[in-house]
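Below: one structure, written as structure tokens.
Only the coordinates and a few stated rules stand behind these numbers; no lab work does. For clarity, every value in this text was computed on a predicted model and none was experimentally measured. Don't worry about glycine lacking a Cβ; one is built from the backbone with ideal geometry, like all the others, and counts go over all protein chains shown.
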Amino acid sequence: MTWQEAYTSLKQLYRNMMFPKQPHAPKWTMTEIDQLDVHFFNELMEVDDYAPREKEVYLSDIW
């Protein structure tokens, strides 16, 4: 397993802990979520793992 695969697996694990699929499973509290590193949290909320992201286009490329 490569580092990137392990990191993606870790992000999936954390997402499943934050938003479990079972309705009665314990969910994280806001205090627990707030203790996460802000950059890691932003990566968790990205949807890159599920859908391809649109290519970024800069204004300088258009003009």
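A helix-only calculation puts the chain at -14000 deg cm²/dmol for mean residue ellipticity at 222 nm, using -39500 (n - 2.57) for each DSSP H run of at least four residues, averaged over all residues.
Normalised by residue count, the chain yields a Cα convex hull volume of 152 Å³ per residue.
Quickly rank 37-46, 20-29 as a protection proxy: mean count of other C-beta atoms within 10 Å, highest first. Provide the component values of the computation, followed by the final result.
On the way: 37-46: 11.3, 20-29: 9.1.
Answer by packing, highest mean first, reads 37-46, 20-29.
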